[in-house]
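Beneath this line is the structure, given in structure tokens, with notes to follow.
The values are calculated or read from the model by the stated rules, or taken from the named source; none is laboratory data. Model, not experiment: these values are computed from the prediction. Heads up, the Cβs are rebuilt from the backbone with ideal geometry, glycines too, and the neighbour counts pull from every protein chain shown.
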């Protein structure tokens, strides 16, 4: 295959601040139609998009991130920041400030199989700076990255910008069109990154093929009050056809009730009172607060999908995060895998983008780097879905402890294995990109 060089802007690095200033002026104007040129345009202000935008801007690449919503406030998004992500924050010099944000720390994951308590994972022995999972609303994480990103003249974030299509030129993707409250917007860039989630508009418009791995479950998310005397660590409960997971969010529990794929209609048919009774049956200490679920609007359905692109890129375009590989909520690894994608992509692309020498070879290199951990993680998730959760949901009998969990009870050090798989993953990434504005930014830290 002949390598195709992505269309480049002039590579004069001394022009970056002026170009950034001009872009900011255009973004702030009221003109109904705009045409903007940047090195990299990222569709989607989720974990992958925001982290990649931050890292590239920090490395001197002029970046525009487009987010379709007016803010990051969406409830029941991934709220677990794993040790691998916290390690990235440490490498960026942001960890201390980040952990000043309200959060809870989970050093162990505990489960109940039937009436038997078992420690599933123990993070306290990980070879990382932080030996815990930080529980923090995703909007706080994204706002933190946005605040830090705005310190760089090369970082630009446009909210309420909905991608409407791709712009092609000679067989390569050269830009995107977007709808904004002020009118239409066209952004031309050396590279377009689709980081707009599992229902990616960019991915669909690019015609990239998806391999569906299947997911036999869906999840109902809700919040219930947390009270003094409640358990202090995240809990998973498995018994009599029910799976219920609770994450400590300070003054409330973020709860996940796992159901068979498409089972929401049967649950609604039985009624809200029966659903409350099901929760009280699986988690008896919740019985005095299930009345807080007053109608179905208090319960959000996550339709679970596990899939990945066969090819993550086209000339001029790269997909990352859920746009490249939708993950099951098992292990809460989705946000962290997306951030690892962003770190790897920045490591590969920062210099060639800044110098105008990026080719499809660089895009292929990103996929090759990240496809291996993605495949292994999804394989484990599918294994747990099919051989554990589906069997629990299909059984109405009192569960007994399976052999592997008996061993985990007898030999607590075995909890370090799932802790490493969940907390670090198969191929943790490390920040290799420089901060070309280090001296300037240090005096502007928010």
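Yes/no per residue for (1) outside the structural domain of residue 179 (by TED's automatic domain parsing); (2) modelled with pLDDT under 90; (3) in a helix (DSSP H, G or I):
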| residue | (1), (2), (3) |
| --- | --- |
| 3 | yes, yes, no |
| 7 | yes, yes, no |
| 20 | no, yes, yes |
| 38 | no, no, no |
| 54 | no, no, yes |
| 72 | no, yes, no |
Legend entry - Whichever residue in the range 326-362 is without any contact (Cβ under 8 Å) to a residue 60 or more places away in the chain and either within 26 Å of residue 141 (Cβ to Cβ) or crowded, with 22+ Cβ neighbours inside 10 Å (or both) and, among such residues, is nearest to the chain's Cα centre (by Cα): 327
Inset, instruction - Within the range 127-144, count every residue that is part of a loop (DSSP other than H, G, I, E, B), out of contact with any strand residue (DSSP E or B) (no Cβ under 6 Å at 6 or more places or on another chain) and crowded, with 20+ Cβ neighbours inside 10 Å. - result: 2
Inset, instruction - Among the helices (runs of 4 or more DSSP H) lying completely within the range 242-355, list those that include at least 2 residues that are closer than 23 Å to residue 109 by Cα. - result: 272-282, 334-355
Legend entry - Cβ-Cβ under 8 Å pairs, at least 6 apart or on other chains, the range 172-199 side outside the structural domain of residue 323 (by TED's automatic domain parsing), far side buried (at least 24 other Cβ atoms within 10 Å of the Cβ) and in a loop (DSSP other than H, G, I, E, B): none
Legend entry - The lone exception for residue 236 - which of (1) modelled with pLDDT of 95 or more; (2) surrounded by fewer than 19 Cβ atoms within 10 Å (Cβ to Cβ); (3) part of a strand (DSSP E or B) it fails: (1)
Legend entry - Members of the range 214-232 found to be closer than 25 Å to residue 391 by Cβ and touching a strand residue (DSSP E or B) at 6+ places or on another chain (Cβ under 6 Å), listed by number: 217, 218, 219, 220, 221, 222
Inset, instruction - Could you list, in sequence order, all residues of the range 180-197 that are part of a loop (DSSP other than H, G, I, E, B) and within 10 Å of residue 320 (Cα to Cα)? - result: 195, 196, 197
